[in-house]
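Bear in mind these aren't lab numbers, they're just calculated from the coordinates by the rules spelled out. The structure presented is a predicted model; accordingly, all values stated were derived computationally and were not measured. Heads up, the Cβs are rebuilt from the backbone with ideal geometry, glycines too, and the neighbour counts pull from every protein chain shown.
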Amino acid sequence: MRCNSPSTVLALGLMLLTLVSQCHGKLYVGYYNGKCWKYNVEEIIFNVVKAKYMKDPTIVAGLVRLHFHDCIVRGCDASVLLDGPKSEKAAAPNQSLKSFDVVDAAKAAVEEYCPGVVSCADVLTIAARTSIFLAGGKWYYAETGRRDGFVSHEKDALANLPSEYMPARDAINLFDSKGISKEDFVVLLGGGHSIGTVHCDKFKHRLYNFHNTGKPDARINNGMLYTLRKICPKKSYSNNKLYFDYNPRSHYRVDNGFMKHLLFNHGLLEVDANIATSPLTNSIVKKLAYAPGYFDNKFGPAMVKMGRIGVLTGNHGEVRKYCGAVNHHKY
C-alpha cells in the first residue's frame, strides 16, 4: 500500500484540521483530540479502511449501508453491530449487510493504541466517511462523541427500515420523523445507491407484474426491460445481482451518475423510480444530476446530519470493547 498517494496525503492533512474542534450539541469534530495521547484515532481508522479498500472496493457500499441501517433504526448507537438470535442483524433487510469485518478490524486497531475510549458507533461513522472519500466522494468532517447502546432488537429494524417499494411521500415522512429533510433524504438515497449491488428479488415485480397488473412498470426504459428480464427470468430460482449504477465505470465511485440514470428510467428499485418521477422529489433529482458540484457538496453534510440521529452521549450508553457484544454481557 502506498502511503504517499495524493488521496492519502490530502486525507491526512484534512484529519490534522480536526485538531480545531467544531461543535454540534454533544457531538463535535475532533472529540478524541487529547483523549488518546499522541495518537490520531481517525488516522488509525483511515489506514485500516484503506488497506481493506485496496483489496476489495465493495466495502464502500457495505460501510455506507451499515451506517445507514444503524442510524435509521434506534439512532447511531452501533445497535446493528450487536450479535444475537433476535438482534437487528437477524432482520430480513439486514441479512445482506456486509463489512462488519472492516469495522471490527478498525475497532481492534484503535483498541490497541487507545483502549476503552472510542465507541463502535464512532468507528463505524469514521469508517463510512473514509470509504466515501476513497471512492471519490468529497471529504467531509465527521462529528464524533457517540456512545454505544445496550439494545438491539429484530423488531425495531423491521419497523424502521424503509421498504424498497416505498412511495416518495411515505419515504419523505419516514425520514422527516428522524429529523432528515426531504432534500437530504434524496441526497442520501442517491449517494448510497451510487455504489453497490441489488438482487433480482428486490425489483423483479417491476419486470413482470407491477402491483398485480400483470404488466411491467411502465417507467422502466424499454431497452433496459429486455436486458433485466434476461438477467432476472420470470420462472427462475436464481437471484442474480446487478449494480445500482448503470455505468460500469462508476460501479465503485461515489458520484452523481446514478441520479442522471434515474432521469432516464434506469433505476432498479421501485423507491428509486418513485423519487425520480414524483413531483415532490423530481426537481431535487434533476439538481443533483446536473447542477455542477451540487451532489458533491450535499452528500457529506447529509451524512453528518444522519449521523446525529438518536445518538447516545455523555453518561448514556457505553464504549464497547468488542462491537458485537455489550460489555459485561448486559445484552
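The gain in end-to-end length when the residue 98 to residue 159 segment is fully stretched comes to 19.9 nm, 0.36 nm per residue minus the alpha carbon separation. Projecting the Cα atoms of 266, 247, 236 onto the charge dipole of segment 171-302 (Cβ charges, centred on the Cα centre) puts 236 farthest toward the positive pole. Here the label points at residue 86 and residue 38, each 7 Å from Cα along the C-beta direction, are separated by 5.0 nm in the simple model. If you take all other residues with their beta carbon under 14 Å from the beta carbon of residue 242, and give Lys and Arg +1 and Asp and Glu -1, the sum is +2.
Each residue of segment 266-283 was assigned a 3J(HN,Hα) from its phi angle through the Karplus expression (A = 6.51, B = -1.76, C = 1.60, θ = phi - 60°), giving 9, x, 8, 6, 4, 5, 5, 5, 5, 6, 6, 9, 6, x, 6, 10, 4, 5 Hz with x at Gly and Pro. Measuring how big segment 230-296 is from its alpha-carbon positions, Rg and Dmax come out at 13.7, 44 Å. For the peptides 303-311, 200-208, 231-239, 182-190, the ranking by mean Cβ contacts within 10 Å, running from highest to lowest, is 182-190, 303-311, 200-208, 231-239.
I need the peptides 262-271, 117-126 ranked by packing, meaning the mean over residues of other C-beta atoms within 10 angstrom, with the highest value on top.
Working: 262-271: 21.0, 117-126: 28.0.
Ranking the peptides 262-271, 117-126 by packing returns 117-126, 262-271.
Quick one, can you get me the convex hull of the C-alpha atoms of segment 14-156 expressed as volume per residue in Å³?
On the way: hull volume 15.6 nm³, N = 143.
Dividing the Cα hull volume of segment 14-156 by its residue count gives 109 Å³.
Here, segment 273-324 is characterised by an Rg to Rh ratio of 1.23, where Rg is the alpha-carbon radius of gyration and Rh the Kirkwood radius.
For a quick protection proxy, order the peptides 142-149, 37-44 by their average other-Cβ count within 10 Å, most packed first.
Numbers: 142-149: 25.1, 37-44: 17.0.
Highest mean packing first, the order is 142-149, 37-44.
How large is the Rg to Rh ratio of the chain when both quantities use alpha carbon positions and Rh follows Kirkwood?
Details: Rg = 19.8 Å, Rh = 20.4 Å.
We get a ratio of 0.97 for the chain.
Remark: segment 137-150, residue by residue, has Karplus-estimated 3J(HN,Hα) of x, 6, 4, 9, 8, 8, 6, 9, x, 6, 10, 8, x, 9 Hz, where x stands for each Gly or Pro and the curve is 6.51 cos²θ - 1.76 cosθ + 1.60 at θ = phi - 60°. Within straight-line reach of residue 234, meaning a Cα separation under 18 Å, sit the following lysines at least 8 residues removed in sequence or on another chain: 202, 204, 215.
Computed from Cα positions, the angle between helix 100-113 and the longest principal axis of the chain comes to roughly 10 degrees. One equal scatterer on each Cα of segment 204-331, no solvent, Debye formula: the resulting log10 I(q)/I(0) at q = 0.11 Å⁻¹ is -0.60.
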